[in-house]
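Below is one structure; the comments refer to it alone.
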Amino acid sequence: MDRLVLIDADSMLYKNIEFIDEYCDRIDEIITQIIVDTNATSYRVFLESKGNTTFRKVLNPLYKSNRVGKELPVNMMEVKDYLIQTYNPYLSIGVETDDSIISTFKYLTDNYPLTDIIIAANDKDYLTYPINHYDTYHNRFGNMTCISKEEAMYNFYKQLLTGDAVDNVKGIKGMGSKGADKVLSLSTPKNYFLNVCRAYKKAYKGKWKDQLKLNYLMLKLREDVKPCKSFDKVEFI
């Protein structure tokens, strides 16, 4: 493996589409474009397994509960079946796709240090880990970013402060992006955690340690779960 791209395909499911065949063709175009743009020699598509219950939901039943009752996209399962049948994706079980990808990224960097690894995804959670990131969000599609260790650390502690409204993870009440920036600007990177602890203690009083621990587990990407160890060679005719 010279250059490997790990593709998070979950976002491809959450689109309302009318014509399944046309959208499947579009999926093929997107994956091909990612491979071409990144000059990848190998790749692997990742997807969350059907009916998956993650450890986060077990630890906190309110995790993503704000999505309950919302109508799922039309043809969502047909799109998932197409991805599974066509690309033989690595299926995440008990964890989320981003956990599987980050764990795979760590496995590869530890064991294949000469391999360039790129993660193609549109989930902001990846910005909390030092990676080479290919953005697949529609109006940023194709943007490449190298996230440094310092940037990743800043992004993670900022998310601890603000929480994640998309996943129903409560941070500190009233703490927005500017407020979090102000808290973190008061210290050096090695003291970020101390300032986050102080902010939690002020907001949650005697329960601050439990709340901080819960949010940490909800927001921290796992690098200790089962990684993917097989990849597809790029073979363009």
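Each value in this text was obtained by applying a stated rule to the coordinates, not by laboratory testing. Predicted model only: the values in this text are computed from it and were never measured. A quick note on method: Cβ atoms are made from the backbone with ideal geometry, for glycine too, and the neighbour counts reach across all protein chains shown.
How long is the gain from Ser187 to Leu72 if the chain were fully straight, where each residue apart is worth 0.36 nm and the alpha carbon distance is subtracted?
Here the answer is 37.1 nm.
Based on the inverse mean of 1/r over its pairs of different Cα atoms, what is the Kirkwood hydrodynamic radius of the chain, in Å?
Its Kirkwood hydrodynamic radius stands at 19.1 Å.
Go through Ser185, Val45, His138 and say which Cα lies farthest out towards the positive end of the charge dipole of the chain; charges sit on Cβ, +1 for Lys and Arg, -1 for Asp and Glu.
The one lying farthest along the dipole's positive direction is Ser185.
Charges only on Cβ, +1 for Lys and Arg, -1 for Asp and Glu: so what's the dipole of the chain about the Cα centre, in debye to the nearest 20?
The dipole magnitude comes to about 2040 debye.
How would you rank Ser100, Ser49, going from fewest to most other Cβ atoms within 10 Å of each one's own Cβ?
With the fewest neighbours first, Ser100, Ser49 line up as Ser49, Ser100.
Can you say what percent of the DSSP beta bridges in the chain, counting only those with both residues inside, are antiparallel? Round to 5.
Among the beta bridges of the chain, antiparallel pairing accounts for roughly 30 percent.
Do any of Lys70/Lys178; Lys178/Lys202; Lys15/Lys229; Lys50/Lys226 go past 20 Å between their Cα atoms, and which?
Where the Cα-Cα span goes over 20 Å, the pairs concerned are Lys70/Lys178; Lys15/Lys229.
List Arg3, Arg26 from most exposed to least, where exposure is judged by having the fewest other Cβ atoms within 10 Å.
Going from least to most buried by this count: Arg26, Arg3.
In whole Å, how far is the Cα centre of region 161-237 from that of region 61-94?
If we compute the Cα centre of each part, the gap is 24 Å.
Going through the cross-link list Lys158/Lys207; Lys106/Lys190; Lys124/Lys149; Lys106/Lys173; Lys170/Lys209, which pairs have a Cα-Cα distance over 26 Å in this structure?
Over 26 Å Cα-Cα: Lys106/Lys173.
Would region 93-139 count as rounded, prolate or oblate if I go by the C-alpha gyration tensor, calling it rounded below 1.5 in a/c and otherwise prolate when a/b exceeds b/c, oblate otherwise?
oblate
Please sort by residue number the trypsin sites (Lys or Arg not before Pro) in region 149-184 whose DSSP state is loop and whose Cβ has at most 13 other Cβ atoms within 10 Å.
Of the trypsin sites (Lys or Arg not before Pro), the ones in loops of region 149-184 whose Cβ has at most 13 other Cβ atoms within 10 Å are Lys173.
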